[in-house]
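See below for the structure under consideration.
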Amino acid sequence: MEAAYYEIDPSGQARCRLCPHHCHIAQGHRGRCQTRYYDGRNLQALNYGQCTAIALDPIEKKPLYRFHPGSAILSLGSWGCNFTCPFCQNWQISQQEAPFGN
Ligand code: SF4
């Protein structure tokens, strides 16, 4: 799936404008989030439509202090992340390269 919010700069690299990293991505490479790949024609959003985890969790598991106590919240995630927090609890999927396939 072609990504949104990018342009090809005069040097021929893709410049992603989706998040503040503003990655310059050479052909055959990915952005910092590991999910956006420049194939030389378009920037591809490799994780589009892909779900790596889905769960109904107790609201108390989330950082939502005193928000509807006793209720449930839907957690949904995909490959990649544009942060690299050293304490990430989901590093196995957040720091993985999204697979090709869309
Ligand atoms: S980290 Fe990903 S979303 Fe952010 S600018 Fe880079 S390629 Fe785009």
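The values are calculated or read from the model by the stated rules, or taken from the named source; none is laboratory data. As the structure is a computational prediction, the values presented were derived from the model and not from experiment. FYI the Cβ positions are ideal-geometry reconstructions off the backbone, even for glycines, and counts take in every protein chain you see. The protein model used for the area step is the full one, side chains on, heavy atoms only, and it has no ligands, DNA or RNA in it. Shrake-Rupley method; radii C 1.70, N 1.55, O 1.52, S 1.80 Å.
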Summed side-chain charge close to residue 72 - residues other than residue 72 whose Cβ falls under 13 Å, Lys, Arg +1, Asp, Glu -1: 0
Quick query: amide H of residue 23 versus all other amide H atoms, modeled in the peptide plane; which residues come in under 5 Å with a sequence gap of 5 or more or a different chain? 16
Trypsin sites (Lys or Arg not before Pro) in region 14-102 lying in a DSSP loop, each with at most 15 other Cβ atoms within 10 Å of its Cβ, come to 17, 41, 66
Rounded to whole Hz and in sequence order, give me ³J(HN,Hα) for region 75-89 from the Karplus expression 6.51 cos²θ - 1.76 cosθ + 1.60, θ = phi - 60°, writing x for Gly and Pro. 9, 9, x, 9, 5, x, 6, 9, 10, 9, 5, x, 9, 4, 8
If you take the square roots of the eigenvalues of the alpha-carbon gyration tensor of region 6-45 and sort them as a ≥ b ≥ c, do you get rounded (a/c under 1.5), prolate (a/b over b/c) or oblate? oblate
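Quick one: compute the contact order of the chain, relative version, from alpha carbon pairs under 8 angstrom and 6+ residues apart, as a percent. Provide the component values of the computation, followed by the final result.
Working: 178 pairs, mean separation 22.8, N = 102.
Reported relative contact order: 22 percent.
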How many percent of Cα pairs in region 51-102 exceed 15 Å? 57 percent
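To the nearest 0.05, how large is the calculated FRET efficiency for residue 52 and residue 17 if R₀ is 30 Å and r is the Cβ-Cβ distance? Mind dumping the intermediate values first?
Details: r = 25 Å, r/R0 = 0.83.
E(calc), rounded to 0.05, equals 0.75.
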Can you work out the accessible area per residue across region 20-76, with the rest of the protein chains kept in place, probe 1.4 Å, in square angstrom? 69 Å²
Using +1 on the beta carbon of Lys and Arg, -1 on that of Asp and Glu, and nothing else charged, what's the dipole of region 30-102 about the Cα centre, debye to 20? 180 debye
Taking Cα centroids, how far is region 71-102 from region 3-30 in Å? 21 Å
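Take 48, 38, 65 and sort them by solvent-accessible surface of the protein heavy atoms, 1.4 Å probe, largest at the top. Could the numbers behind the result be given before it?
On the way: 48 130, 38 10, 65 185 Å².
Putting 48, 38, 65 in descending order of accessible area: 65, 48, 38.
How long are the three semi-axes of the equivalent ellipsoid of the chain, in whole Å, if each is the root of 5 times an eigenvalue of the C-alpha gyration tensor, listed from largest down? Walk me through the intermediate numbers first.
Values: eigenvalues 202, 37, 29 Å².
They are 32, 14, 12 Å, listed from largest to smallest.
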Hey, in the GNM for the chain with a 10 angstrom Cα cutoff, which one of 49, 31, 40 fluctuates hardest? 49
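Where the accessible area of the chain is counted over protein heavy atoms with a 1.4 Å probe, how much of it, in %, is carbon and sulfur? Let's see the in-between values first.
On the way: 4070 of 7250 Å².
Answer for the chain is 56 percent, counting heavy atoms of protein chains only.
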Quick check: with the 1.4 Å probe, what order do 19, 51 take by accessible area, largest first? 51, 19
Pick from 43, 74, 64 the residue whose mean-square fluctuation is largest in a GNM of the chain, springs joining Cα atoms under 10 Å. 64
Accessible area, probe 1.4 Å, largest first, for residues 52, 35: 52, 35
